[in-house]
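Worksheet: one structure, shown below.
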Amino acid sequence: MVPGEPSNMPEFSVSEISQAVKRTLETSFDRVRVRGEISGFKRAASGHLYMALKDDSAVLDGVCWRGVAGRLGMQPEDGMEVIATGRLTSYPGRSKYQIVIDRMELAGAGALLKLLEDRKKKLAAEGLFEAERKRDLPFLPEVIGVVTSPTGAVIRDIMHRLSDRFPRRVMVWPVVVQGDAAAGQIAAAIRGFNSLSETGAVPRPEVLIVARGGGSLEDLWAFNEEVVVRAAAESDIPLISAVGHETDTTLIDFASDRRAPTPTAAAEIAVPVRAELTAQTLDLERRLLAGAGRFLTERRMEVEGLGRGLPDPRRLLEEKTQRLDDSAERLGNAMNNFIGYRRGTLVELAAQLPHPRQQIRLSRQQLSAQSERLKSLRPRLVEPFRQAYQRIDAGRRLGESGRDLTRERQRVVAELGRILESVSYKNVLQRGFAVVRGEKGSVGRAAEVADGMKLDIEFHDGQVSVTAGDAPTLRQPDDKPPVVKKTKPIKSKSSSPSKGDPQGTLL
């Protein structure tokens, strides 16, 4: 084809080519099953799953829409080999083709076992399978909680076995034990039993049994899911796992407090056999009665043996009675002898004592002699006391004279003080007079006052500073003073000075 020459080949737009490719893929590969290893798995915020399936030489993009992702029955992970079923289509926005997955399963039992082993190592590393986490089961629980399918044979086997061994109250939490929703329902049932209150209307079980019948690895896969294993490990109620047959092992068996090979064996582990308990109780009762009988027999024989080593009580009493009679007789004789001895001693002492009248007469004589001696000594004894009394009386009178003299001197001092106070110039100032002072001291004459002289005039209530004006006109004493209206003096009630004031009034 030469450039620039017209061509009969049709022209297509990019969208037309993309749609044509899309139709071709969807028509040719309407339903396919692809086996590969998951790579680059991620879950978008919208809930859609995006991943790539690869083998040794190619990669195929895959997408699983949110509505289908919840029904896959498994949790995709990187490195997991799966068989994905869906349809091929293209994504024109990026010129890529991809598979729209609507079903996914693990590629063979080997892959399942590898996934199981990897999950087991992961959970064991977190300590969920440690022996220290295991708890003891109650000996005889009042209420037993069972997590299983309500329509299967498992619950009937458990109920039948419990009724044979020891009937107990059973609470069943119905769940599906196989399929996509099984793991979530089983975990919710375990947590639901644990959330019950011990004092609520619905009794809280004392032990839990998670049970399912036998099946393939895929059938029992729900009990290998992390959500179930974690719920079993977090349970506060002791849990017994009874999943599958004796040869079946799931991860919940490692997280539970006790593993039972079968659901029937779980019922046997949960409760003891009532008949065996009854027989054991009767045997213990028989052994207790037999032991008590032997104990009493041995003690009786021991008492009898000890009794044979003791003397006859009657013989002991006879001997003690004879000794008591002998002691009573000796006590009577000893009392009589003691009283006779004391009587003789009293007679001897009475003979040595003088007669009371004689003692009274002797005492009177001694008293008279002492009285005469006292009379002779009286002048010598009374005179010192009389002299001492006189001295004491003189001291008393001297003290009174001193106090009188002191009071007289105090009265004289008080009178002199009143006189001094009456002649003080302060009292004169209070009667209307004033004291004039200059720069050199007191001014006593008018001739000492010059024009412009600074004067201080003291009144009874304060001082005033003034300046003298023109020189004053001197007036002789015999000159007539200016007429001043005289004020009639106030007569005192008595012409004589008042008592206590010898000077009297000034005016």
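Data overview
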item	result
Qualifying residue in the stretch 251-260 (condition: part of a loop (DSSP other than H, G, I, E, B), at pLDDT 90 or above and either under 15 Å from Glu206 (Cα atoms) or not aliphatic (A, V, I, L, M) (or both))	yes
Cross-chain or 6+ apart pairs with Cβ under 8 Å, the stretch 184-198 first and polar (S, T, N, Q), then outside any helix (DSSP H, G or I)	Gln185/Val175; Gln185/Val176; Asn194/Ser235; Asn194/Asp236; Asn194/Ile237; Ser197/Arg204
Extreme residue, surrounded by the most Cβ atoms within 10 Å (Cβ to Cβ), among residues of the stretch 392-432 that are of a type in the set (Gly, Ala, Ser) and part of a helix (DSSP H, G or I)	Ser422
Meets criteria (among the hydroxyl-bearing types (Ser, Thr, Tyr), out of contact with any Asp or Glu (no Cβ under 6 Å at 6 or more places or on another chain) and more than 30 Å from Glu77 (Cα to Cα)) for Thr262	yes
Some residue of the stretch 62-83 being at negative phi, in a loop (DSSP other than H, G, I, E, B) and over 59 Å from the mean Cα position of the chain (by Cα)	no
Residue in the stretch 291-301 that is loosely packed, with under 10 Cβ neighbours inside 10 Å, in a helix (DSSP H, G or I) and more than 60 Å from the chain's Cα centre (by Cα) present	no
Residue under evaluation Gly192, criteria (1) in a loop (DSSP other than H, G, I, E, B); (2) under 39 Å from the mean Cα position of the chain (by Cα); (3) under 24 Å from Met159 (Cβ atoms), criterion not met	(1)
Condition broken by Asp164, with the remaining ones in (1) closer than 22 Å to Gly184 by Cβ; (2) in the same structural domain as Leu239 (by TED's automatic domain parsing); (3) modelled with pLDDT under 90; (4) in a helix (DSSP H, G or I) satisfied	(1)
Residue tally, condition within 21 Å of Pro141 (Cα to Cα), surrounded by fewer than 21 Cβ atoms within 10 Å (Cβ to Cβ) and touching a helix residue (DSSP H, G or I) at 6+ places or on another chain (Cβ under 6 Å), over the stretch 197-232	0
Output for the stretch 119-175, where each listed residue is of a type in the set (S, T, N, Q) and either touching a Ser or Thr at 6+ places or on another chain (Cβ under 7 Å) or free of Cβ contacts under 8 Å to residues at least 40 places away in the same chain (or both)	Thr151, Ser163
Residue that is farthest from the chain's Cα centre (by Cα) [pool: residues in the stretch 144-176 that are farther than 13 Å from Ile209 by Cβ and aliphatic (A, V, I, L, M)]	Ala153
From the options Ile360, Ile457, residue that is of a type in the set (A, V, I, L, M, F, W, C) and farther than 27 Å from Gly469 by Cα	Ile360
Scope the stretch 31-61; condition in a loop (DSSP other than H, G, I, E, B), surrounded by 12 or more Cβ atoms within 10 Å (Cβ to Cβ) and in contact with a helix residue (DSSP H, G or I) (Cβ under 7 Å, 6 or more places away or on another chain); matching residues	Gly47, His48
The stretch 29-57 residues that are in the same structural domain as Ala84 (by TED's automatic domain parsing), paired with ones that are surrounded by fewer than 16 Cβ atoms within 10 Å (Cβ to Cβ) and among the aromatic types (Phe, Trp, Tyr) (beta carbon under 7 Å, 6 or more apart)	Lys42/Tyr50; Ala44/Tyr50; His48/Trp65
Sole residue being at pLDDT below 80 and surrounded by fewer than 10 Cβ atoms within 10 Å (Cβ to Cβ), chosen from Ser465, Ser494	Ser494
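The values are calculated or read from the model by the stated rules, or taken from the named source; none is laboratory data. These figures come from a predicted structure and were not determined experimentally. FYI the Cβ positions are ideal-geometry reconstructions off the backbone, even for glycines, and counts take in every protein chain you see.
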